[in-house]
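Below: one structure, written as structure tokens.
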Amino acid sequence: MQIGDQTWHFPSQPRVLSTGTAVGPMEGAGPLGDSFDLVYADAYMGQSSWEKAERTLFELAQDHAVRQAGLSMEAIDLIVSGDLLPQNISSNFAARTAGRPLIGVFSACATSMEAVAQAALFIDSGFAHYVLAGAVSHNSTAERTFRYPTEYGAQKPPSAHCTVTGAGAVVLGRGEARIGVSFATIGKVVDFGVSSPWEMGAAMAPAAVATIVAHLKDTGRTVADYDAIATGDLARVGLPIARELLAEQGVDVGSRLQDCGVLMYGADQKEAFSGGSGPGCCPCVTFAHLLPKIASGQWRRVLVVATGALLSAVSAGQGETIPCIAHAVSFESVDALTQGGEPS
Amino acid sequence: MTGVWLFVSAFVVGGLICVVGQLLMDLTKLTPAHVMTVLVVSGAVLDGLGLYDPLIRFAGAGATVPITSFGNALVDGAIADTRQYGILGLITGIFEVTSAGISAAILFGFLASLAFRARG
Amino acid sequence: MGPEEVALLSVKMASDKARYKSFLKTRQPGKPWVRNSIRAFFAGGSVCLVGQGVQETFVHLFHYSEKTAGNPTVAIMILISALLTGIGVYDRFGQWAGAGSSVPVTGFANSITSAALEHKTEGYVAGVGANMFKVAGPVIVFGVVAAFFVGLARYLFVNG
């Protein structure tokens, strides 16, 4: 049901039954390399184009998640997925392989949590038993679609992001599992006037802050209720900006505020510039690195705030600024759900 | 310039033209494509003012290798044909001098696409 | 929302954007333009040095004159750049060298070759052929337009 202005509460607490993450070579060489389910050394995935590689990545991730849940693909009632490419060809073609009903979604790099939020909604409201949610991105498809041909010698500034080659998928459903989804806050489009595509972190930070503030207000929770608040891809430039903006609004996050784009790559990976981005960044880090901390008992609750920049090549060419959005999902251990999981 | 000094001036002049391009890219909002366009037009204007040919005599490849020389070559072609054919020569002559550059770029670019694939 | 309210809202939004812009000024990493300019100087100078070497070869080995050696020199530089782009090395050079790799004619060839390579998967006609000038197009268009007007100005005011 809706609570407050923008937040959904899921009383039945849809469970995370399993996850699947599949990444490329650069992500596999990063600090989280061992945490991912599948790591591939060939960015082409043995395919004849980058686009085919991207959908293959998602097919493998969704397949892994479904098998880990002990299910067959036919048991999945609904797939909710998206990617960065025009017309969502990667996730749509992967759904063709899966052969199950599809709800395609898009909010750029915030797609993953938009998908998880809707998956939780369908399960909580009884419209589905098992839902597969996820998102995928690929460095080369993003480069050639939105920036330059991959072999072009353009020089990127230090504030640039590196689109993650990775796919993250999760199976949500009712049943016995340690982690559940309790709340989702749907973001509003926020535009603070940044227009340079090299300044995505600064463009998206206000959207992340707006959603975090709205979530806390709607649920009556405080930062202390969460072990971590993880934004999707603000990276090394946007993260400190978000911390400051939150402090201005009276929200003192301290070290609880983390970022999936910062966690994805090591400081020694210079081609990552300020950090990871892309629809695949947030789900890969969340499912492979953050949720296991809840499963192991180290954490009780994490708020994952995926951030997306809603521009296109045409809007940028026409001199428009970059409107952004952030969608938040609260993942909690089942004990935490039964104690104090209700909003005040 | 001749001999060793020609190599020195080629290095320095070529390097400086690149620095101009770098400053435009770093200190303004211009993209690489904008900067190349500015440089090509600059080469054309400098040749119109009679300043580019002396630069070539001074710096050799330092003036002919940067993209500015493309603008210079286009203007040379246009002017040469106006001397022969009058005002219509502006249109007939533009690509005459620079055909090697354009043809080579198209040809070798296409051949490369036959032989290689993008590596990401 | 009445017209006054809309006007007030857009004033508020404009001042929010203005405040954020000045907030960002001290919080964004600037581009390392000094380091980049030094790299551009050395890289660009070196590319021109190679070009000078190629030109000397044509003059002394193949008996071209200083003037006519320019054309085959440019063609060879373009060939080298297309090869380096094809083997996947030019983009790394570009990240380091900045304008030192994009300003020489080798950068022009790189932009054409990289676009050709990238669109190979869409076929040679609709992919390679149609997209080859994606990045290099403006250079040709504005070069020709500028040459026309410069030539026209010279014809009208200097007469040749």
Note to self: Given axes a ≥ b ≥ c from the Cα gyration tensor, I'd like to know whether region B:3-115 is rounded (a/c under 1.5), prolate (a/b larger than b/c) or oblate.
What the structure shows: rounded
Notebook entry, point to check: Using the beta-carbon distance between residue A:312 and residue C:158 and R0 = 51 Å, what value does 1/(1 + (r/R0)^6) give for FRET efficiency, to the nearest 0.05?
Noted result: 0.65
Item checked: Whole-Hz couplings from phi, Karplus 6.51/-1.76/1.60, listed for region A:14-25; x for Gly and Pro -> x, 8, 7, 7, 6, 9, x, 10, 10, 10, x, x
Next item on the list: Would you mind giving the mean number of other chain beta-carbons within 10 Å of the Cβ of each residue in C:26-36, as a whole number?
Entry: 6
Item checked: Percent of beta bridges antiparallel (DSSP, region A:2-173, rounded to nearest 5) -> 60 percent
Item checked: Nearest-0.05 FRET efficiency for residue B:115 and residue A:5, computed from C-beta distance (R0 51 Å) -> 0.30
Checklist line | Dipole of the protein assembly as shown, positive end: most advanced residue of A:265, C:155, B:36 [Cβ charges, Cα centre] | finding: C:155
Check: In debye to the nearest 20, how big a dipole does chain A give about its Cα centre with +1 on each Lys and Arg Cβ and -1 on each Asp and Glu Cβ?
Finding: 160 debye
Note to self: Quick test of the membrane-span-like rule: which DSSP H helices of chain C reach at least 30 Å along their long axis (C-alpha atoms) with mean Kyte hydropathy at least -1.0?
What the structure shows: C:3-25, C:33-60
Check: Mind checking which of C:79, C:61, C:24 has the largest fluctuation in a GNM of chain C, springs on alpha carbons under 10 Å?
Finding: C:24
Notebook entry, point to check: Restricting the count to DSSP beta bridges whose residues both fall in the protein assembly as shown, what percent are antiparallel, rounded to a multiple of 5?
Noted result: 65 percent
Notebook entry, point to check: Once label points are set 7 Å from the Cα along Cα→Cβ at both residue A:196 and residue A:217, what is their separation, rounded to one decimal in nm?
Noted result: 3.1 nm
Next item on the list: Quick one: go through region B:71-112 and flag any residue whose amide nitrogen is under 17 Å from the point 7 Å out along the Cα-to-Cβ line of residue C:141.
Entry: none
Note to self: Taking 30 Å as R0, compute the FRET efficiency from the Cβ-Cβ separation of residue C:61 and residue B:83 and round it to 0.05.
What the structure shows: 0.35
Notebook entry, point to check: Placing +1 at every Lys and Arg Cβ and -1 at every Asp and Glu Cβ, with all other atoms neutral, what dipole size does chain C have around its Cα centre, in debye to the nearest 20?
Noted result: 600 debye
Checklist line | Cβ neighbours within 10 Å from other chains - mean over C:123-133 | finding: 2
Check: Separation between the residue A:244 and residue A:77 pseudo-spin-labels, each 7 Å from Cα along Cα→Cβ, expressed in nm?
Finding: 4.7 nm
Note to self: Report the gain in length on full extension from residue B:107 to residue B:2: 0.36 nm times residue separation, minus Cα-Cα distance, nm rounded to one decimal.
What the structure shows: 34.5 nm
Note to self: Give me the percent relative contact order of region A:2-173, please, defined on Cα pairs under 8 angstrom at least 6 residues apart.
What the structure shows: 30 percent
Next item on the list: Using a Gaussian network model of chain B whose springs link C-alpha atoms within less than 10 Å, name the residue from B:46, B:30, B:107 with the highest mean-square fluctuation.
Entry: B:107
Next item on the list: Could you grab the relative contact order for region A:157-242? Cα pairs under 8 Å, six or more apart, rounded to a whole percent.
Entry: 34 percent
Next item on the list: Please figure out what share of the DSSP beta bridges in chain A is antiparallel and state it in percent, rounded to the nearest 5.
Entry: 65 percent
Next item on the list: Taking 7 Å along the Cα-to-C-beta vector as the label spot, tell me the residue A:129-residue A:256 distance in nanometres, rounded to one decimal.
Entry: 3.8 nm
Next item on the list: Calculate, in nm to one decimal, what residue C:130 and residue C:89 gain on full extension: separation in residues at 0.36 nm each, minus their alpha carbon distance.
Entry: 12.3 nm
Checklist line | region B:3-115 - charge dipole about Cα centre, Lys and Arg +1 at Cβ, Asp and Glu -1, debye rounded to 20 | finding: 120 debye
Item checked: Prolate/oblate/rounded label for chain A (Cα gyration tensor, a/c 1.5) -> oblate
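Classify region C:33-132: rounded, prolate or oblate, from the alpha-carbon gyration tensor (a ≥ b ≥ c, eigenvalue square roots; a/c under 1.5 rounded; otherwise prolate if a/b is larger than b/c)?
Taking the square roots of the gyration eigenvalues as a ≥ b ≥ c, region C:33-132 is oblate.
Please report the relative contact order for chain B, taking Cα pairs under 8 Å with a sequence separation of at least 6, and give it as a percent rounded to a whole number.
After rounding, I find 22 percent.
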Margin query: Which one, C:101, C:37, C:15, has the greatest fluctuation when you compute a Gaussian network model over chain C with C-alpha springs under 10 angstrom?
Written below: C:15
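Computed from the coordinates by the stated procedures, all read-outs in this text should not be read as laboratory data. This structure is a prediction, so every number in the text was calculated from the model and none was measured. When we count neighbours, we look across all protein chains shown, and the Cβ atoms used for this are built from the backbone with ideal geometry, even at glycine.
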